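Written below as structure tokens is the structure these notes are about.
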Amino acid sequence: MTSPLLALFVRSLREDTRAKSTYWARAGLAAFMLVVMGLTAKGGRFSGGATGLAFLKGAAWFQTVFLTISGLGFFASAITEEKEEGTLGLLRMTNLSPLSILLGKSTSRLAGSLLLLGAQVPFTLVAVTLGGVSTGQVLATYATLGAYAFLLCNLALLASVIMPRTVGAVVLAGGVLGGALACGAAWDVVGGALPFHQMRTIFRTGFAGPILGFQVVMNLLAGLGCFLLAWLLFHWRCESATESAAGSFAGRRWLRSGRFAPGRPERFHAIEWKDYHFLHGGSAVACAKWIACGIVVVVSLVIALAWDHYESWELLASISLCGLLGLVAELGLIASRLFATEVREQTLSSLALLPQSMELTVQAKSRGYRASLAPWGVGIGCAGWLAFLAACIKNHPGQIAGLFFASLACGAAFLLRAKFVDRWSENRQQTMAALGVVGSALVLVLLPVFSNDPADVGAVVIIGVLGLHPLAMIGFGFRLTAYLSLRMKRGALPLAVVICGVAVIVSAFPLIGWIGIPAGAFLVGLTLRKKTIARFEDLSVEN
Amino acid sequence: MDPQNVIDIENLSHRYKTHQALSGVSFTVQRQSIHGFVGPNGAGKTTTLKILATLLKPQSADVSRETRVNSVHVFGQHIVGQRNQVRRRMGFMPDHFSMYRQMSVFEYLDFFGAAYGLGQAQRDKIIGDVLTLTDMAGRRDDLISGLSRGMQQRVSLARVLVHDPDLLLLDEPASGLDPRARIELMEILEELRRLGKTIFISSHILSELATLCDHVTILDRGTVKYTGTMRGLISTADGASATYNLTLAAEHPPARDALAALPGMQGVSPPLPNEPRYTLTFDRAQLPLNTILQTALTAGAQIVSFAEDVKHLNQAFMDLTEPGVGA
């Protein structure tokens, strides 16, 4: 008979073993490895580089990004999903101790993820036969990834214990991870404990370091620390877990009063209003995002002005890329919750009964999330503008100073008129998002006009052309995640990340990748949209 | 189609993959009535309600079962062709709490009012009215997550009323409520009928609806077993013949003999051992009730009561439905 300590853990493992999706996921990742291997071998023939190393690098970086983006959401819902469904109180009433619940809810997920990684090792070892890489490098890579998964799982578990909702847990865990990355850039000790630095070391030709290096040990220790902290905090943070997470979130009156009050919905725009204020956090969360974006903009301006060894286009590209990654991460989270929340709260039938088509309802839900993305759009635009201006000031201070101060004055006037984030309507937020995107595009146009460096012109063309790919993939990824979230109880986001990852890798190859993938993503995206509406309609009957 | 009928269902069938949920269901619901919809678990009540609520599309005619007509009309409008018009005039309360629990009561009702296209001033008035009606005016700023089950049910009902529909479809609204909350809910429904609403209410407990409903439809395994007045359901009358119970102060054989000799009297049962009560079966057309009473009084009997013999509601329900859970 299973001891109470492991009861939940064993049950989760049994469920995973019986679920078909477990085997499909492993088979999918193995197939993915084979595809990457085939493409790398094909590419290697032309480039003449070390094919095995290129394959290992591609696979490992993909796994790292995959683990980071999807793992955060997957692991962070361990305890919050029970809080959101109001079932944590029931679990605590049983004979299960907090340790047993933590082990059962998180360690089983970690075991599943480690098995997914383990299933790929034999395929990745084939890289040795392709040349340029040793068995030690492959094993060290997977040890690095395994330790990173352990850290990520326990960090997300801690966030899951602390926060009442999954989104909050993801943001907290992601914030800590982002902070560690920023610290890693400044301090070598922190940087060495992160997988990114370790993998760069492993991928050096002639790597002869230990398989279980400093990063592995540090990640395991940090993960263990997070688990112990989660265990210590469990009783305190989950004491009132019988009350639903939705209630506890909404219960924070300060988030809903004064400047942050949701106000009242406009006629026929109620769904946008509801989603913006009650699903995406409303003005309070928007305010936090605006402040975060402001900090990013100011910091990037300081860096641009103070650091001489950065080229303007490099800074522009890296800021745009960071903004884009943030946008993609938030979009992924939004897509995975946009419709799934309605299913979970059994509110679909009420929405379906509105005197309008389901297509209009789905469109309205989409408008609600666009407003919440405004800070990203404006952030990317402003950062780009300021970086551009900073670069121009260095080259042509006289011509640019007027433009810079004019822009600054316009921005200040706009912000004053809108009283900062006081009761910004959803439409205004959308206008701001559009302005941000237009601003980014203008930067791309103006940069070569004012720049003396021919490299800037080339960079603009590359960014412009390659920009079509991310746009197509973001749209496709969003629709895919939204659709999968209506099909699967959990794991929609990780699966969508894998599928989009494969598409992104394939899109790097000429002809089929450059043309086929964006066109395919566009067409499949249209089908997915129809399927999502149909599924939404079906679920409203069952709900 | 009778204009007095709010709901008109004719030969409705519905099949889920391997399970025939409804077959040849036909009934009507009259304007400004409270119509009970009763049946055991799995009888097809929720399927019918979802079709009426326009959530589920009625399937095309099942030719193999010769049910060629498959039409559902609400307010004379077809629920597929004129779906949006039907939705505007109808409110559906499902059998689960379909609520945004992070909203306050006012925000929740305001959201649905705006979603139905009501202006702010109109919403303010209607929300005030429905909150008063459901006795929730004092809780308008409370979070829904903090309300009791009974109060959440009231908010749910208020939501259904926020766009002022003429027809309310309520799927097991009293399930999970304590006796007091049930009685209060029934009082609200009575008040709504007085306000001119038509209410179609489902339940698997017939006695729960007995005092509330004037009409009832009983469904079992996807087929209608009875549809008509509540009175007609509990009456034991079979066609032209009627059965009445006559209770006397004491046993009185001459009166019994006189009653048995009346033309049209089909039978007079012997009195019960400890109670002088006779069960009379007679032809209603041939023998008026006054004649029976006069005959008993003339014979010198002292009448305590004279009432129609009705079945117990549960007995009526058991007689109409089959044992076991519907497949």
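Any idea what the alpha-carbon Rg over 2.2 N^0.38 Å comes to for the range A:52-147?
1.43
Across all directions of projection, what mean area in square nanometres is found for the Cα convex hull of chain B?
With every direction weighted equally, the projected area is 21.4 nm².
Within 10 Å, count the other beta carbons around each residue, average over each peptide in B:84-94, A:273-283, and list them highest first.
With the highest mean Cβ count within 10 Å placed first, the list reads A:273-283, B:84-94.
Between B:Thr279 and B:Ile205, what's the calculated FRET efficiency when r is the beta-carbon distance and R0 is 25 Å? Round to 0.05.
Details: r = 29 Å, r/R0 = 1.14.
Calculated transfer efficiency: 0.30.
Taking beta carbons within 10 Å but only from partner chains, what does the mean come to for residues B:92-105? Numbers along the way, then the final one.
Working: counts 4, 2, 7, 0, 4, 3, 10, 5, 10, 10, 15, 7, 3, 0.
Partner Cβ neighbours, averaged per residue: 6.
Quantify how strongly other chains surround peptide A:534-541 by giving the mean number of their Cβ atoms within 10 Å of each of its Cβ atoms.
Mean inter-chain Cβ contacts per residue within 10 Å come to 2.
Could you work out, residue by residue across A:268-274, how many beta carbons of other chains sit within 10 Å of that residue's beta carbon, and then give the average as an integer? Write down the numbers at each step before the final one.
Numbers: counts 5, 2, 9, 3, 0, 5, 9.
Per-residue shielding by partner chains comes out at 5.
Using only the Cα atoms of the range B:20-177, construct the convex hull and provide its projected area averaged over every direction, in square nanometres to one decimal.
10.3 nm²
Pull out the extension gain between B:Asp309 and B:Ser71, defined as 0.36 nm times the separation in residues minus the alpha carbon to alpha carbon distance; nm, one decimal. Can you show the working numbers first?
Working: separation 238, 0.36 × 238 = 85.68 nm, distance 3.78 nm.
That works out to 81.9 nm of additional length.
Viscosity 1.002 mPa s, temperature 20 °C: Stokes-Einstein D of the range B:88-239 from its Kirkwood Cα radius, in µm² per second?
130 µm²/s
Work from the charge dipole of chain B (Cβ charges, +1 for Lys and Arg, -1 for Asp and Glu, about the Cα centre) and give the residue of B:Leu297, B:Leu12, B:Thr132 farthest towards its positive end.
Of B:Leu297, B:Leu12, B:Thr132, it is B:Leu12.
How large is the translational diffusion coefficient of the range B:188-327 in µm² per second when you combine the Kirkwood radius over alpha carbon pairs with Stokes-Einstein at 4 °C and 1.567 mPa s? Working shown, then result.
Details: Rh = 17.6 Å.
Approximately 74 µm²/s, per Stokes-Einstein.
Any idea what % of Cα-Cα pairs in the range B:117-179 are farther than 16 Å? Please list the in-between numbers first.
Numbers: 957 of 1953 pairs.
The proportion of pairs with Cα distances above 16 Å equals 49 percent.
Name the most mobile residue of B:Lys57, B:Lys17, B:Lys197, meaning the one with the largest mean-square fluctuation, in a Gaussian network model of chain B with Cα contacts below 10 Å.
Of B:Lys57, B:Lys17, B:Lys197, the Gaussian network model singles out B:Lys17 as fluctuating most.
Kindly give the semi-axes, whole Å and largest first, of the ellipsoid equivalent to the range B:220-290, taking each as the square root of 5 times a Cα gyration tensor eigenvalue.
30, 16, 9
Points 7 angstrom from Cα along the Cβ direction at B:Gln59 and A:Arg204: gap in nanometres?
Reported label-point gap for B:Gln59 and A:Arg204 is 6.9 nm.
Take the alpha carbon gyration tensor of the range A:130-186, find the square roots of its eigenvalues, order them as a ≥ b ≥ c, and report rounded if a/c is under 1.5; if not, report prolate when a/b exceeds b/c, else oblate. Let's see the in-between values first.
Numbers: a/c = 3.82, a/b = 2.15, b/c = 1.78.
Note, shape of the range A:130-186 comes out prolate.
Taking the alpha-carbon centroid of each part, what is the distance from the range B:170-249 to the range A:159-206 in angstrom?
Going from one Cα centre to the other spans 65 Å.
Please figure out what share of the DSSP beta bridges in chain B is antiparallel and state it in percent, rounded to the nearest 5.
70 percent
Which of the chymotrypsin sites (Phe, Trp or Tyr not before Pro) found in the range A:146-211 are loop residues per DSSP with 12 or fewer other Cβ atoms within 10 Å of their Cβ?
A:Trp187
What value does the range A:162-218 have for Rg/Rh, both radii from Cα atoms and Rh as Kirkwood defines it? Mind dumping the intermediate values first?
Details: Rg = 14.5 Å, Rh = 12.9 Å.
Ratio of gyration radius to Kirkwood radius for the range A:162-218: 1.12.
Could I have the simple spin-label model distance between A:Arg487 and B:Asp319, label points 7 Å from Cα toward Cβ, reported in nm to one decimal?
5.4 nm
In nm, to one decimal, how far is the modelled label at A:Ala30 from the one at A:Ala519, with both set 7 Å along Cα→Cβ?
The two pseudo-label positions are separated by 3.4 nm.
Assuming R0 = 25 Å, can you tell me the calculated FRET efficiency for the pair A:Thr527 and A:Ser357, based on Cβ-Cβ distance, to the nearest 0.05? Please list the in-between numbers first.
Details: r = 18 Å, r/R0 = 0.73.
So the FRET efficiency works out to roughly 0.85.
Looking at B:Leu209, B:Thr227, B:Met186, which one has the Cα that reaches farthest to the positive end of the dipole of the range B:174-267 (charges on Cβ: Lys, Arg +1; Asp, Glu -1)?
Farthest along the dipole direction, towards plus: B:Thr227.
Values quoted throughout were computed directly from the atomic coordinates according to the rules given, and no laboratory measurement underlies them. On a predicted model such as this, the values are computed, not experimentally measured, just so you know. Virtual Cβ from ideal backbone geometry, glycine too; neighbours counted across all protein chains shown.
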